[in-house]
Protein chains: 2
Amino acid sequence: MLSIGDLSKRTGVKVPTIRYYEQMGLIEAAERSEGNQRRYERHDLERLAFIRHARDLGLDIPAIRELIALSQHPDQPCANADRIAADHLIAVREKLEKLKKLEHELERIISHCDGHSIEDCYVIRALSDHGLCEGEH
Amino acid sequence: MLSIGDLSKRTGVKVPTIRYYEQMGLIEAAERSEGNQRRYERHDLERLAFIRHARDLGLDIPAIRELIALSQHPDQPCANADRIAADHLIAVREKLEKLKKLEHELERIISHCDGHSIEDCYVIRALSDHGLCEGEH
DNA sequence: TCTTGAAGCTCTAGTCACTGGAGGAATTAT
DNA sequence: ATAATTCCTCCAGTGACTAGAGCTTCAAGA
């Protein structure tokens, strides 16, 4: 039996976050000690590790809830789980594209600036004048 | 003289967002019509375009506030403006790195799954068992 | 057994950058 | 003149936590 602090240390999920996940229905409400403190077992540890991992991959809470629900029907096809992951991959790739454009734009803006006065500062000018941009955004 | 709706159409910034920027001190409180409606001029349009552009680049509101303050002292050196942009570039690159790792991990998880039952689903298994991951995260 | 300090509890509010709705007033078009 | 649209303010909600107040319980040492 683990206290919430033990669970936190073992999974790297902060204590208030564990309580938050309980509130969000990602983990079942834990058993309580006589003094009303949460007590966890091995399967809670596994569940929380699952959630942690999925969050690290950037999945949001509704997606995780769905994956948990799916994982509790081992005999069903896993097309839905694959779809969740695939949709997320698409979103990740879109973000990547956007960030790459930002990176280039920022590099360009910074490299054009000679570092003298604000009046001539390319950073400020580029922000003021969209026409100085390369490409659309 | 533009109404807030006109300004919104011209800049692509939604009406409530313009009011929000005013509240945040990014744009000055606009003049008002007799009936208390906001009326804007050319320089408001430019200021809002500046903000829009900076937000598109991912700069946060405090950074934009600082850039605006800097832009109002044309005779000062622009090292601070450059620093803001450079710091942001670093943050963008860090996010890029993280997302690339996520992309690979998701690709790997998805490609390993044969699409049959949840019981064998690699998506679910990979989330449950961190040991199946490549690299750290 | 007593004490003390850490860790637990609930509840509320704050974060960031908006976004949406209610309820009412002003403006514009017909 | 009337109808449709836009505007106003104020308040609440978003996502995924995070932090604090004020209180209770637990574990370890004396």
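Since every read-out is calculated from the coordinates, none of them should be taken as a lab result. In this text, all values refer to a predicted model and were calculated from it rather than measured experimentally. Because the Cβ atoms are built from the backbone with ideal geometry, glycine has one as well, and the counts that use them run over all protein chains shown.
Just a few scattered comments:
- Partners of B:Lys9 within straight-line reach, counting lysines whose Cα lies under 17 Å from its Cα and excluding those fewer than 8 residues away in the same chain: none found.
- Alpha-carbon centroids, segment B:20-78 and segment A:31-63: separation in whole Å: 44 Å
- Summing charges over neighbours of B:His116, with a neighbour being any other residue whose Cβ is under 15 Å away from its Cβ, gives -3 when K and R count +1 and D and E count -1.
- Oblate is the label for segment B:18-101, because a/c, from the alpha-carbon gyration tensor with a ≥ b ≥ c as root eigenvalues, is 1.5 or above and a/b does not exceed b/c.
- Positive dipole terminus of the protein assembly as shown, leading residue within B:Ile124, A:Leu59, A:Ala29 (C-beta point charges): A:Ala29
- Inter-chain shielding of A:97-103 (mean C-beta neighbours from other protein chains, 10 Å cut-off): 5
- By the rule of a C-alpha distance below 24 Å, with chain neighbours fewer than 8 residues away ignored, the lysines paired with B:Lys101 are A:Lys14, A:Lys95, A:Lys98, A:Lys100, A:Lys101.
- For chain B, the longest site-free run once GluC sites (Glu not before Pro) in DSSP loop states with at most 16 other Cβ atoms within 10 Å are removed: B:42-133
- Averaged over the residues of A:59-71, the number of partner chain Cβ atoms lying within 10 Å of the residue Cβ comes to 2.
- Estimated 222 nm signal from helices in chain A, with DSSP H stretches of n ≥ 4 weighted -39500 (n - 2.57), rounded to 500: -20000 deg cm²/dmol
- For segment A:80-132: rounded, prolate or oblate by the Cα gyration tensor [a/c cutoff 1.5]: prolate
- Among the residues of A:41-49, the average count of other protein chain beta-carbon atoms within 10 Å of the residue beta-carbon is 1.
- Net charge of the neighbourhood of B:Asp44, taken over other residues with C-beta under 14 Å away and scored Lys/Arg +1, Asp/Glu -1, is +3.
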